[in-house]
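Encoded as structure tokens, the structure appears first; notes follow it.
Nothing in this text is a laboratory measurement; each read-out follows from the coordinates by a stated rule. For clarity, every value in this text was computed on a predicted model and none was experimentally measured. Neighbour counts run over all protein chains shown; Cβ positions are idealised from the backbone, glycine included.
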Amino acid sequence: MERTLSIIKPDGVSKGLIGEIIRRFEAGGLKVVALKMIRMTKEQAEGFYQVHKNKPFFDSLTSFMSSGPAVVMVIEGKEVIKKNRELMGATNPREAAEGTIRKEFASDVERNIVHGSDSPETARWEIDYFFPEGEIVEYE
Ligand code: UDP
Ligand code: MG
């Protein structure tokens, strides 16, 4: 079974979309195996998005990510990394496919509701960033 990190970003939480997003994961056969609400510090957001530290949007992105509560989750399932990114849609909601989370709910390329890991290596690193092993559960 593969795992990925999902984040409902502060815009998703403030728009009341926690339930809607988890519903889509569960309806898609994906399983939540860890979940918590956090308020990231600016430093924590900068650490999480360090791959983007030289991008022009880095400061604005990390301010946004630390602007309010976010829900971080570990999602498990067959090909979950790819499936989650399909459910999310393209980074820019204007380019996202019909029916995806970002197409339906995101306001712009920065405030795009959800995060999802993009490879098995980044998934492992991102899961470790927020969850000690003991916070991830196994169940049938
Ligand atoms: N982002 C942004 N401006 C851009 C590209 C990305 O503000 O031009 C933000 C957006 O919130 C995105 C995050 O930076 O989700 C990480 O970018 P990435 O390219 O990794 O997109 P993702 O993997 O989230 O689809
Ligand atoms: Mg990414």
- Taking the stretch 94-129, which residues are surrounded by 13 or more Cβ atoms within 10 Å (Cβ to Cβ), of a type in the set (D, E, K, R) and assigned to a helix (DSSP H, G or I)? ARG102, LYS103, GLU104, ARG124, GLU126
- Item | Residues of the stretch 106-140 that turn out to be within 16 Å of ligand 2 (Cβ to nearest atom), under 15 Å from the mean Cα position of the chain (by Cα) and not β-branched (Val, Ile, Thr), as a count | 16
- Among the residues of the stretch 52-85, write down those that are within 16 Å of the chain's Cα centre (by Cα) and without any contact (Cβ under 8 Å) to a residue 12 or more places away in the chain. HIS52, LYS82
- GLU20 is checked against (1) more than 16 Å from ligand 2 (Cβ to nearest atom); (2) closer than 21 Å to ASN92 by Cβ; (3) surrounded by 16 or more Cβ atoms within 10 Å (Cβ to Cβ) and fails just one. What number does that condition carry? (3)
- Failed condition for LYS103, given (1) away from ligand 2 (no atom under 15 Å from the Cβ); (2) under 15 Å from LYS36 (Cβ atoms); (3) not small (Gly, Ala, Ser), with all others met? (2)
- Task: For the stretch 104-140, name all the residues that are away from ligand 1 (no atom under 13 Å from the Cβ) and among the basic types (Lys, Arg).
- Result: ARG124
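Being more than 8 Å from ligand 1 (Cβ to nearest atom) and in contact with a Gly (Cβ under 6 Å, 6 or more places away or on another chain) is the filter; apply it to the stretch 88-100 and report the residue that is farthest from ILE7 (Cα to Cα). Working first, answer last.
Within the stretch 88-100, the first condition is being more than 8 Å from ligand 1 (Cβ to nearest atom), and the residues that meet it are 89, 93-100.
Checking the rest, the ones that are also in contact with a Gly (Cβ under 6 Å, 6 or more places away or on another chain) come to 96-97, 100.
Numbers: ALA96: 18, ALA97: 20, THR100: 15 Å.
Only one residue tops the list, namely ALA97.
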- Under 7 Å by Cβ, and 6 or more places apart or on different chains, what pairs join a residue from the stretch 113-132 that is over 19 Å from GLY12 (Cβ atoms) with one that is among the hydroxyl-bearing types (Ser, Thr, Tyr) and within 13 Å of ligand 1 (Cβ to nearest atom)? ALA123/THR4; ALA123/SER117
- Scan the stretch 24-37 for residues that are loosely packed, with under 13 Cβ neighbours inside 10 Å and under 27 Å from GLY134 (Cβ atoms) and report the count. 4
